[in-house]
Amino acid sequence: MNVHDTEKVVGTLFQQGYSQVETPEEAGLVLYNTCSIRDKAEQKVFNRLQNFKKAGKDKVFGVLGCVAQQEGEKIFDRAPHVSLVCGSASYPKFGDMLVQLEAGNRHVTGLSIDTDETFDTPFTRRDNPHRAYITIIEGCDKSCAYCVVPFTRGPERSRTSESVMQEARRLAAEGYSEIQLLGQNVNSYRDPSPAGWDFATLLARIAEVEGIRRVRYTTSHPRDFVKPIVDAMDENPVLCDHVHLTVQSGSTRVLAAMDRLYTRDDYMRRIDWLKNAKRRYSLTTDIIVGFPGETEADFQQTLDLLDEVQYDSLFSFKYSPRPNTSALQMEDRVAEEEKQRRLAIVQEKQRAIQIRRNAEMIGDQKEVHVEGRHHSLNQWIGRTTDNRTLNFSHPEADGLLGKYVNVRVTRSGPNSLVGEFTPAA
Ligand code: SAM
Ligand code: SF4
């Protein structure tokens, strides 16, 4: 989502006559987009700002994104060379802020999160020529005890279905064949216009746009992941064979402490819908280990869940205390070494699962969307509909980027597959 925010901000800059340079040294304006989801994000940002300062005098510096929102005006005190501090909820006003900077204002802020606006712009400067992001919903109305997002990205607000559909059609006309819908919780998408589409309806309609061959979405909150979403996916193979359904913990007790609004059984019911669906969907998730109060027994339940679900991949994190969040007040902190131990166990278990699952694919034929080329290996990089990286050999050494190609899987590893091009029969 941050990458796409940057694409939209850069598009606004281009629209206002700016052009892009390769290094901070060459730039007149340096904007730093930031994330504060984990770790000591603030400290890293201040260190980096200090380094930017060395890039030379007479430059205008700005901090964007979640650290900007979280630290606010304090940034001007700690880094007086910064002239703009702007959180993502204020991006719709970014063009006006540029005008203020150009007029010489050296204390420009966009820090209100009290908004019902979304950042819709036709000027997005896209980094990938074949796959495009579309934000459908911004902010978050949940209050997961560990999470800083509601404080940094503001309340949930959906774009109108008309605006989303227009963007999808425009992208298809420009030659993009793969769309990724974005939101902190795409499942709670609700069209604010009278049409009133829910997420399942939006998915089904986007999949019908001519020229679009693949549609992905992220992220899904299990509470709002309803059966019609699976039905819509089953109906149209343009909707990719992959669901990222974040679980965070396998223990109902910990899920309650996290305020996740579902139990382990609720979650497993959704996994069952997907496992009993018409197509085989790859499943991925996010796990947090060492949330305050997580016992060895709770942790064991997370490990059991991994065995039960057999995820195709996952992101795992050590719990990281974040400003403003309710978990900050919780006692029973898990020691850092213990968090590290649990993280290593999760990762080792998952690695074994992935080695096994990927090996089962050897011999399969898969369609890949070609995303890049490893020149040194003489291989193309492809992505399957179920979101696996499949590197493959092909007689052509150029001209395949953005194409869809059939590949037979010949080898597998924990994180990717290898194969060879097979001409259509
Ligand atoms: N909205 C998504 C959801 O509800 O699943 C998650 C968005 S968050 C940007 C991405 C992931 O970061 C979360 O799923 C969680 O695993 C992780 N995360 C968020 N806050 C965290 C924290 N304080 N410590 C560790 N991991 C965290
Ligand atoms: Fe954070 Fe929870 Fe919202 Fe996801 S649903 S962004 S984890 S508060």
Exercise. Over all distinct alpha-carbon pairs, what is the Kirkwood Rh of the stretch 1-99 in angstrom?
Worked result: 13.8 Å
Problem set entry | For the stretch 269-425, radius of gyration divided by Kirkwood radius, i.e. Rg to Rh on alpha-carbons | 1.09
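Mean separation of Cα pairs under 8 Å and 6+ residues apart, divided by the residue count of the stretch 196-317: what relative contact order is that in percent?
Contact order relative to length: 26 percent.
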Problem set entry | Whole-Hz couplings from phi, Karplus 6.51/-1.76/1.60, listed for the stretch 100-108; x for Gly and Pro | 5, 4, 5, 7, x, 5, 10, 8, 9
Seminar exercise, completed: Percent of all Cα-Cα pairs per 10 Å bin for the stretch 119-205, counting from 0 up to the last occupied bin, reads 16, 46, 30, 7, 0
Exercise. When the Cα atoms of the chain are enclosed in a convex hull and the volume is divided per residue, what value in Å³ results?
Worked result: 162 Å³
Exercise. Given a Förster radius of 51 Å and the C-beta distance between R269 and S112 as r, what FRET efficiency does 1/(1 + (r/R0)^6) yield to the nearest 0.05?
Worked result: 0.85
Exercise. When the Karplus curve 6.51 cos²θ - 1.76 cosθ + 1.60 is applied with θ = phi - 60°, which whole-Hz ³J(HN,Hα) does each residue of the stretch 408-416 get, with x for Gly and Pro?
Worked result: 9, 6, 10, 9, 9, x, x, 10, 7
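Where Rh is the Kirkwood radius over the Cα pairs of the stretch 15-160, the temperature 4 °C and the viscosity 1.567 mPa s, what D in µm²/s does Stokes-Einstein return? Each step should come with its number before you reach the end.
Details: Rh = 16.3 Å.
My calculation gives 79 µm²/s for D.
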Exercise. For the stretch 360-408, what is the largest minus smallest coordinate of the Cα atoms on each principal axis, given in angstrom and ordered from greatest to least?
Worked result: 28, 18, 15
Exercise. Looking at the chain, which Cys residues are left with no other cysteine's beta carbon under 4.7 Å from theirs?
Worked result: C35, C66, C86, C140, C240
For this session: Take the Cα of E396, step 7 Å along the line toward its Cβ, and report every residue of the stretch 346-390 whose backbone nitrogen sits under 17 Å from that point.
Result: 367-375, 378-383
Problem set entry | Relative contact order %, the stretch 114-250, counting alpha carbon pairs below 8 Å whose residues are six or more apart | 23 percent
Seminar exercise, completed: Expressed in angstrom and rounded, the centroid-to-centroid distance over alpha carbons for the stretch 3-62 and the stretch 139-181 is 23 Å
Exercise. Over the stretch 316-383, what relative contact order in percent results from Cα pairs under 8 Å that are six or more residues apart?
Worked result: 20 percent
Problem set entry | Potential extension, D307-K93 segment - 0.36 nm per residue separation minus Cα distance | 72.3 nm
Exercise. In straight Cα distance, which lysines are under 28 Å from K53, not counting same-chain residues fewer than 8 positions off?
Worked result: K8, K40, K44, K74, K93
Exercise. Pulled fully out, how much extra length does the chain show between A195 and L328, if you take 0.36 nm times their separation in residues and subtract their Cα-Cα distance?
Worked result: 43.8 nm
Exercise. So, in nm, how far is label N51 from label Q340 when the simple model puts each one 7 Å beyond its Cα toward the Cβ?
Worked result: 2.3 nm
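Values in this text are rule-based calculations from the coordinates and carry no lab data. Note that the coordinates shown come from a computational prediction; the quantities given were computed from them, not determined experimentally. For neighbour counting, all protein chains shown are included, and Cβ atoms are generated from backbone atoms with ideal geometry for every residue, glycine included.
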